[in-house]
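Below is one structure, written out as structure tokens; the observations come after it.
The values are calculated or read from the model by the stated rules, or taken from the named source; none is laboratory data. Note that this is a predicted model, so its numbers are computed, not measured. Every residue, glycine among them, receives a Cβ derived from its backbone with ideal geometry; neighbour counts consider all protein chains shown. These area figures cover heavy atoms from the full protein model, side chains too; ligands, DNA and RNA do not enter into them. Shrake-Rupley method; radii C 1.70, N 1.55, O 1.52, S 1.80 Å.
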Amino acid sequence: MDPKNLRSSDVLLLPGARTGRDPARSIKPGPRRQPAGVVAATQRERLLDGLVRTVAERGYQHATVSDICRAAGVTRPVFYELFNGKEDAFLAAHRFGTGVVVRRMAAAFAAESDWCAGIREALGAMLQLLAGTPSFATMAVIEIEAVGPAGRRERDQLLTRFRVFFAEVPQLPGGVRVQEMVDAVVGGVYSAIYRRIASGRTDQLPELLPVLGMFCLAPFLGPAEADRRLGSRIGEDPSCTRIDPATTQQ
């Protein structure tokens, strides 16, 4: 994935990309104050940014609502008007941010002429987005486990969404179920990303693209054929099945 093709607006949409106290989002009091709906939306965005950055810095267990509010420049009463508590706010940030990532992946995938190139570009888009917003990467990938059962359910639901990129892969020999193989591949990709972020090398995530591309294709095409197709960047092989993912909206 060429970094110049990554839209800056995508990065800015991710929670944690901006500070909660960004002066550009300050709410001015007085008769010219913005409409209540705009104010609430701005406060919500600031709280999500504050939560992501606070959780990435202190960990979910040690981050308090007061810490989040302080980082966002929003009062506790307003926090509880918008969220039921820390867990609710965390899950909201996770859903919103991962929704941005999956939609960007789907767009990169659909822009390619064949499945192999689409998988590679979708992976590249994801790695670039996470590398560009390390606080969100830490919160969404590492700290989700600390949330407990609700966090694990959220993570599992996210992983199942990636099945759509493998909707028409070839059948496997030996009675191996395609969906089980797909889930294993998705889990392996997630694990590789987890290890890179956990080791403090989030900025190096794009370096994983070659190995993750091979890992996604080899189980279905074989290593040699996967290598050939991944290496063919111009005039993609038409025999590599074209897949258009279904809707990826949340």
(message) Suppose we keep only residues that are open to solvent by 10 Å² or more (accessible area, probe 1.4 Å) and acidic (Asp, Glu) within segment 112-137. Which one would you say is modelled with the highest pLDDT?
(response) 121
(request) Tell me which of these residue 168 doesn't satisfy, since it passes every other one: (1) out of contact with any Ser or Thr (no Cβ under 7 Å at 6 or more places or on another chain); (2) touching a residue at least 60 places away in the same chain (Cβ under 8 Å); (3) surrounded by fewer than 16 Cβ atoms within 10 Å (Cβ to Cβ). (result) (1)
(request) Considering (1) free of Cβ contacts under 8 Å to residues at least 40 places away in the same chain; (2) in a helix (DSSP H, G or I); (3) out of contact with any Phe, Trp or Tyr (no Cβ under 6 Å at 6 or more places or on another chain), say which one residue 190 fails and leave the rest. (result) (1)
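Mind counting the residues in segment 60-79 that are touching a residue at least 12 places away in the same chain (Cβ under 8 Å) and either among the aliphatic types (A, V, I, L, M) or surrounded by fewer than 22 Cβ atoms within 10 Å (Cβ to Cβ) (or both)? First the steps, then the outcome.
Within segment 60-79, the first condition is being touching a residue at least 12 places away in the same chain (Cβ under 8 Å), and the residues that meet it are 60-61, 63-65, 67-74, 78-79.
Going one step further and asking which of them are either among the aliphatic types (A, V, I, L, M) or surrounded by fewer than 22 Cβ atoms within 10 Å (Cβ to Cβ) (or both), we end up with 60-61, 63-65, 67-68, 70-74, 78.
The qualifying residues number 13.
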(request) Hey, can you tell me all the residues within segment 82-107 that are of a type in the set (Asp, Glu) and touching a residue at least 24 places away in the same chain (Cβ under 8 Å)? (result) 87
(request) Could you list all residues from segment 50-86 that are in a loop (DSSP other than H, G, I, E, B), of a type in the set (A, V, I, L, M, F, W, C) and modelled with pLDDT of 95 or more? (result) 63, 83
(request) Evaluate the following for residue 89: is it of a type in the set (A, V, I, L, M, F, W, C), out of contact with any Cys (no Cβ under 9 Å at 6 or more places or on another chain) and not in a loop (DSSP other than H, G, I, E, B)? (result) yes
(message) Considering only segment 115-135, I want to know if a residue exists there that is more than 23 Å from residue 90 (Cα to Cα), of a type in the set (Phe, Trp, Tyr) and either in contact with a strand residue (DSSP E or B) (Cβ under 7 Å, 6 or more places away or on another chain) or not in a loop (DSSP other than H, G, I, E, B) (or both).
(response) yes
(request) Kindly indicate the residue of segment 160-187 that is of a type in the set (Val, Ile, Thr) and in a helix (DSSP H, G or I) and also nearest to residue 218 (Cα to Cα) among those meeting that condition. (result) 185
(message) Consider segment 106-141. How many of its residues are out of contact with any Gly (no Cβ under 8 Å at 6 or more places or on another chain) and of a type in the set (Asp, Glu)?
(response) 2
(request) Just give me the residues in segment 143-165 being more than 25 Å from residue 180 (Cβ to Cβ), in contact with a Gly (Cβ under 9 Å, 6 or more places away or on another chain) and crowded, with 17+ Cβ neighbours inside 10 Å, in sequence order. (result) 143
